[in-house]
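One structure is given below, encoded as structure tokens.
Bear in mind that the values in this text are calculations on the coordinates, not laboratory data. Every value quoted in this text rests on a predicted model; they were computed, and no experiment measured them. Cβ coordinates were reconstructed from backbone atoms using ideal geometry, including for glycine residues, and neighbour counts include every protein chain displayed.
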């Protein structure tokens with residue numbers, strides 16, 4: 001490519017793959033400290049639920065399950081912040097908006113599915129044992 005058709009792009013830094021060092025929409029690139037912090041938090045958030053299950057520390061299986069789900073939610077947030085670098089500033093907020101949209105769709109889908117299954121279960125006509133025997137193959 002000649003200097004006349006280069007349009008002055010030689011002054012910009014390239015990373016060797018044809019990408020400019022700028023124009024990432026404010027997305028932060030992780031530092032070693034950030035990755036180590038994320039790893040330590042993820043390891044702790046994995047070890048505590050493991051310990052809760054192995055020692056039966058809480059004593060109630062349902063409560064233990066709820067506590068483990070809470071740790072899972074916190075771990076998802078840790079992964080999104082420290083490893084996926086998601087925040088309201090990255091890519092002008094579009095990644096956060098996409099996350100909110102995805103979570104909204106998941107909540108609508110799960111809630112609707114549970115609602116439909118509950119009402120189908122309650123509104124089905126009960127079958128007597130004789131009817132069940134007659135309709136079995």
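Shown for the stretch 94-137 is the translational diffusion coefficient from the Stokes-Einstein equation, using the Kirkwood radius over Cα pairs, a temperature of 25 °C and a viscosity of 0.890 mPa s: 181 µm²/s.
Order 109-122, 30-43 from most to least packed using the mean count of other Cβ atoms within 10 Å.
Top of the packing list down: 30-43, 109-122.
Projected over every direction and averaged, the convex hull enclosing the alpha-carbon atoms of the stretch 25-85 yields 4.4 nm².
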